[in-house]
Amino acid sequence: MLMKPLHVRHTIFFMALAFILCSSGSVFAVEKWEKAAKTYFENGEYEKCIELVKNNKDDKFARMFLAFSHLQEYTFNKTKYDKEMFKNAMMILKDKTGSEDMDHLLYFVNQKDQPPVVKEARNLLTAAFKNCKENDDVKKLLPLLNSSDDKTKEATLKTIKNIIDPKRKVVTKGGTLRKQDVDMMTDPALIKALFDNILVSGTASKILVMIEKPALKYISEYEGKKVMELETKITKAIAKREKKYPESNWYSATGKTRE
């Protein structure tokens, strides 16, 4: 094996080192401004927070700080300018905020000593849930099922239900799910998270019935009246499908297989 000349190897090494340092510096810079923004916001220094983030509008977390800082300035001072700046920022956020932004949104939902912020953050959270329509969103939403906030947890379950419901209807209308649908609906993390929530939400049980047969694989790990009722519902759903489509499997009305 031929080796590169020493000076070439040194050049490659220093280029790689520079790349690593730049990348680390970029991450550090992000962490630094976020920490500063949180400090200003929590201390009620909204003008400083606005000044810090106003040139970083491409970052949705920065735009959230901008929006809610203007909201608080309006709350205290009733300035029309701050009201308009808040509305403009929220208009953009409601279109662009999605499953990858939930942690940032929950930061504002948890600012309990700032009621206007909590109210509008919940409105933005509702918009973000409505923007979640893809299979990939399901995995990103799963951590929210551990939330201590009951409203957030239920909204998460309803969003997951809205994503899975059309998949089940594809089969009931004679079709076959795509491999990506099969993979999403058989994800152990999803199924176990749903089982963990059947005691507190009927929505979790409804989703497991939609998932159907794959859910039965895990049912022996759980016990109680709710679990027994769920098993009966899933069994009935399977029987109904098989009666309508005798050759079917859980993801295909015609029995088509997915590798």
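Quick notes on this structure:
- Taking a ≥ b ≥ c as the square roots of the eigenvalues of the Cα gyration tensor, an a/c ratio of 1.5 or more together with a/b no larger than b/c marks the range 64-118 as oblate.
- Reciprocal mean inverse distance between Cα atoms of the range 206-259 - Kirkwood radius, Å: 11.8
- When the GluC sites (Glu not before Pro) in the range 151-237 are filtered for DSSP coil states and for at most 15 other beta-carbon atoms within 10 Å of their beta-carbon, the remaining sites are E223.
- Cut-off 13 Å (backbone N to label point 7 Å along Cα→Cβ of V200), residues of the range 151-170: 151-157
- Residues considered: G175, G224, G44. Largest GNM mean-square fluctuation over the chain, using C-alpha springs under 10 Å, is found at G224.
- Simple spin-label estimate for E221 and D165 gives 2.7 nm between the two label positions (7 Å along the Cα-to-Cβ direction from each Cα).
- Inter-part distance, the range 137-209 to the range 65-111, computed on C-alpha centroids, equals 29 Å.
- Charge dipole of the range 114-259 about the Cα centre (unit charges at C-beta), most positive-ward option of V170, I234, T126: V170
- In the chain, helical runs assigned H by DSSP with n ≥ 4 each contribute -39500 (n - 2.57); averaged across all residues and rounded to the nearest 500, the mean residue ellipticity at 222 nm is -23000 deg cm²/dmol.
- With 19 Å as the limit, the listed pairs K179/K213; K130/K179; K94/K139; K119/K151; K78/K119; K161/K213 have K130/K179; K94/K139 beyond it between alpha carbons.
- Taking a ≥ b ≥ c as the square roots of the Cα gyration tensor eigenvalues, the range 132-259 comes out oblate, since a/c reaches at least 1.5 and a/b does not exceed b/c.
- The range 34-131 shape via C-alpha gyration tensor axes, a/c threshold 1.5: rounded
- A DSSP coil position with no more than 14 other Cβ atoms inside 10 Å describes the following trypsin sites (Lys or Arg not before Pro) in the range 173-222: K173, R178, K217.
- Isotropically averaged projected area of the chain, using the convex hull of Cα atoms (one quarter of hull area), nm²: 21.4
- Potential lengthening between K130 and L106 on full extension [0.36 nm per residue; Cα-Cα distance subtracted]: 7.0 nm
- Sparse-neighbour loop sites [chymotrypsin sites (Phe, Trp or Tyr not before Pro); the range 175-238; at most 16 other C-beta within 10 Å; DSSP]: Y218, Y222
- A simple charge model with +1 on the Cβ of Lys and Arg, -1 on the Cβ of Asp and Glu and nothing else charged puts the dipole of the range 34-131 at about 340 debye relative to its Cα centre.
- Of I191, S205, T156, farthest towards positive along the dipole that unit charges on Lys, Arg, Asp, Glu beta carbons give the range 132-259: S205
All of the numbers you see were taken from the coordinates with simple rules; none came from a lab. Keep in mind it's a predicted model, so treat the numbers as computed, not measured. Positions of Cβ are backbone-derived with ideal geometry, glycine not excepted, and every protein chain shown enters the neighbour counts.
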